[in-house]
1. Report Rg(Cα)/(2.2 N^0.38 Å) for chain C, keeping two decimals.
2. Within 10 Å of each candidate Cβ there may be at most 11 other Cβ atoms; applying that plus a DSSP loop requirement, which GluC sites (Glu not before Pro) in the stretch A:1-101 survive?
3. I'd like the per residue volume of the convex hull spanned by the Cα atoms of the stretch B:90-319, given in cubic angstrom.
4. Taking the protein assembly as shown, how much of its Cα-Cα pair set, in percent, is spaced more than 38 angstrom apart?
5. Which Rg and Dmax, in Å, describe the Cα atoms of chain A?
6. How well do other chains shield peptide C:249-262, expressed as the mean number of their Cβ atoms within 10 Å of each residue Cβ?
7. With a 1.4 Å probe and all protein chains kept in place, how do B:22, B:8 rank by accessible area, largest first?
8. Accessible surface of residue A:13 in the full protein assembly, 1.4 angstrom probe, to the nearest 10 Å²?
Amino acid sequence: MALLTVENLSVGYHTRKGFLKSVQGVSFALAEGESLGLVGESGCGKTTIGMSLMGLLPENAAVTDGRILFEDTDLLKLSKKEIRQVRWKKIAMIFQAAMNALNPVHRVSEQIAEAILAHDTEISEETAMKQVESLFEVVGISPERMRDYPHQYSGGMKQRAIIAMALSCNPSLIIADEPTTALDVIVQDQILNAIKDFQKRLNVSLIFISHDIAVVADVCDSIGIMFAGQLVEYGNVKDVFDVPMHPYTRSLLASYLTLDKDIVQLDSKPGETPDLVNPTPGCRFSERCTVSKAACSLNTPEWVEISPTHKALCNQFK
Amino acid sequence: MEVRKFILKRFIEIFIIFFVILTVLFLLFRLAPGDPVTRMVDPTLTPEDSQYLIAQLGLDQPIGLQYLYYIKNFFTGNFGNSFHYGVTVSSIIWSRLPNTIILFTTSILLSAFVGIFLGKIASWQKGTKTDTWMTLGALVCHTLFLPWLAMLMIWIFGFKIGWFPLNGMISPKIWMDPSSGFWLKSLDVLHHMILPLATLFLIHFGSYLLLMRSSMLDTLKEDYILTARAKGLEEKTIRNKHAAPNAALPVVTSVGISLAFSLSGGALTETVFSWPGIGRELVFAVSNSDYPLAQGSFLLIAIVVLMANLVVDVLYAYLDPRIKY
Amino acid sequence: MTVNQSTQTSKISVRPAKRFPTIERLKEGWSVYKENLIGKIGLTLLVIFALMAVCSFFPPLIDPMYHPMTGVDPLITHSTGPSWRHWLGTDFIGRDILCQLLAGTRIAFMVGISAAFMSIFLGTVIGMIAGYAGKIADTLLMRLADMIMVMPTLLVVLILSSLFGQLNIWTIVLLIALFRWPGVSRVIRAQTLSLKERPFIEAAKVTGASHFRIIFRHIMPNVLPLSLLYMTFRVTSAIIIEAALAFLGFGDPSTVSWGMMLQWVWKTGHMFQAPYWLLPPGICISLLTLSFYMMGRAMEEVLDPRLRKEVAQE
Ligand SMILES: Nc1ncnc2c1ncn2[C@@H]1O[C@H](COP(=O)(O)OP(=O)(O)OP(=O)(O)O)[C@@H](O)[C@H]1O
Ligand SMILES: [Mg+2]
């Protein structure tokens, strides 16, 4: 049974230019202990999906359609108080801008203990601190540094501390939003290993957001490729990598697999993200697609099932 | 940076600033049109007295030596004699200083605390009626013309309603009476202090409110607030524990910057309420061409501003762990 | 105040100037400004005061007794309340209070705008030079700014007036300007520092533009909106300082300013008897400064909400 089922989720932002439909009709499911990677270029709506799951969308955002079933309750229907109890206890999130995710005026250990204490009123402060200490060991920071303030940490240490924080309440789902973007390559690697490690060991479900398809291939079981607010290909990592169907996926994979720069832009022309305020009724990728036909920009694309664990949103295969 | 190092650095900076002010004032007093001797020595004194004073202040020496005399006299607390009062300037200043400090400190603390508190609330209710009214009220209070507000206060609460004395700091009747004890006397001072305090408070709390409000709104956009929300903390905890301490930092900084402004306001308030402080003495001295008194009280006001700045820096250093550790 | 300067300024966003930077920005800015309630109130107040300033030229033309300084009603020898002949009443020697109030508006505008303009000019130039030149020039200029910033302007001007005698209105304006630039220059310096790192400045350097040209052609257009914002706050403080000086009796005796009117009420002991005389000048000073202050705050939101912090201290 799936731990999380997202059905037809659509989210938009009210902006000066109009209602920006940044996520449209996204559906996916996640089993317990499974990890899903969401990949796509900047602005395609990855963070927006993550925030919807946490119920942390900004004020100008609105969920226009869909359901988010988590352990059989629709998160979108919960009251503020109820969703607060889900946060961190059930679903934790490692934010994109993790460098600033720690409050500069409080000690790191206090900030982690705070999460534990907020969700478990029984526990004493000392016990919470003990737990923080063991969490520090899990993520590989010396517990001596617990009482430091965030500015005394390096970027990699901050990121580890945040992972420790995400693990602190034993959530069943962790959303990691580009957890390694701001770090240098070696530290990136260490952090990724730490994530893979705890994910397998603690058997927690993971949604891993990234713009780097290679990283997702390394970390996740299944993958969702996003373009302009839509999921365009979704399936098992192996299936998608073996037989990429959507032209956008192919272009992403081409740039990952080939070292020869000439064939990088195989199925895609460079271009801007399409207008999300007035999106075309047809395929949103059609303008950048090298194999598109005239009909592509007119007809709404439909899902094509390639195998039970692999599908793509493209009219080419009809 | 370590706190001690930070404070030491600020102390040295402030000391240098003070020395420059001291020097500039010296030069101004010599450069201004007219005779520096008649400016520093009461023309109505007997020749012997004035000779003595000239020698003491070094006014018969070449300018370089005069400067040394000036510095030495400053550090020994010798500012010459007031023309008007006929006594030493330092004795006048010392008797006025506590009165200024009482009024100044209470008004700053009170307005900062209330302003920060209300600003926090306003920012939390951004866009609501409460917020709009608080912001508008703060704007209006902050731009009220201080001497005018002071006069209104006296007119309404002193004259019309008669709750408070019209001016001064003590009622002679109570202070002359040997039977009145410490508490009665203190109560009397408090009674006199309420109107000037209210005036200064009204003028200042608005700017702290506005500052805290916008600082809070900025802080609420920070990522660590998002983290706090994601942790499932209650809104009240997020506001008081995560947002407010960070938002208060720039406000503390600005308290430091606005101290000078507050002292000008203090001088005006003291003048209108006849509160016997240094600011009023300065205004009085300037109006009556009592140069030694003007010089002395100005220097002391400069010291008060600089010291208060130092206090604010220390406070800041203790609030911000980025300095502390 | 030294501490969070850098963190604060790094957030300020700057766009490189476009081809018609002023026109484009003004249009864009106005559309945001229009929606701001506080901005609208401020602008309305300002327009009212501007009308008052214009009106101040007319009463003396009607009858010489309406001259704000020298016109005395021959029938009146003491302060009288509002009447048909004198809408706001007269002062202690029978001069018309309304006429004084109108004339005061003119003075307030003159003092406020000219002092603000000068201090902004100084602050902008010094800030750009300090930020652009860096090194010793930067250190020296900013230390100087720190020093001036901690001095209470009103009291400094008081001391100067005791030494140099009666100050006329232009000297007062000049002094206010001289003591009010540091706040501006610090912000402009920070802005310049962040601009300096921008590609378009680098590009200008590569093409061999002179420092002078880079500062005035490339940096200045980008910091001007910020200067303009500060100007509104400086107008406020200049008006207040002038009024306070006049109130204490150190104004220019040949002009009628609102502060002067308040001094007359106070010094002639009419504070309790003549509310018709006490109220108008105070209301005017407060409302005019409020109007500039409100416009400044609205403009702040137009420019960048992040800039708020340092401003509200005057
Ligand atoms: N608060 C907001 N107000 C208005 N529009 C927003 C807001 N947040 C995001 N958007 C818009 O929504 C779209 C999706 O944004 P989102 O942050 O989800 O993208 P992303 O895939 O996470 O991109 P990145 O890889 O850069 O993090 C973008 O076009 C963005 O401009
Ligand atoms: Mg994102």
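The values are calculated or read from the model by the stated rules, or taken from the named source; none is laboratory data. As the structure is a prediction and not an experimental result, all values here were calculated from the model. Virtual Cβ from ideal backbone geometry, glycine too; neighbours counted across all protein chains shown. Heads up: the accessible areas ignore ligands, DNA and RNA and are worked out on the full protein's heavy atoms, side chains in. Shrake-Rupley method; radii C 1.70, N 1.55, O 1.52, S 1.80 Å.
1. On the way: Rg = 22.4 Å, N = 314, 2.2 N^0.38 = 19.6 Å.
Compactness ratio reported: 1.14.
2. Counting only loop positions with at most 11 other Cβ atoms within 10 Å, the GluC sites (Glu not before Pro) in the stretch A:1-101 are A:59.
3. Details: hull volume 35.0 nm³, N = 230.
So the per-residue hull volume is 152 Å³.
4. 57 percent
5. Radius of gyration, then largest Cα-Cα span, for chain A: 20.3, 67 Å.
6. Mean shielding count: 1.
7. So the residues, ranked largest to smallest area, are B:8, B:22.
8. 40 Å²
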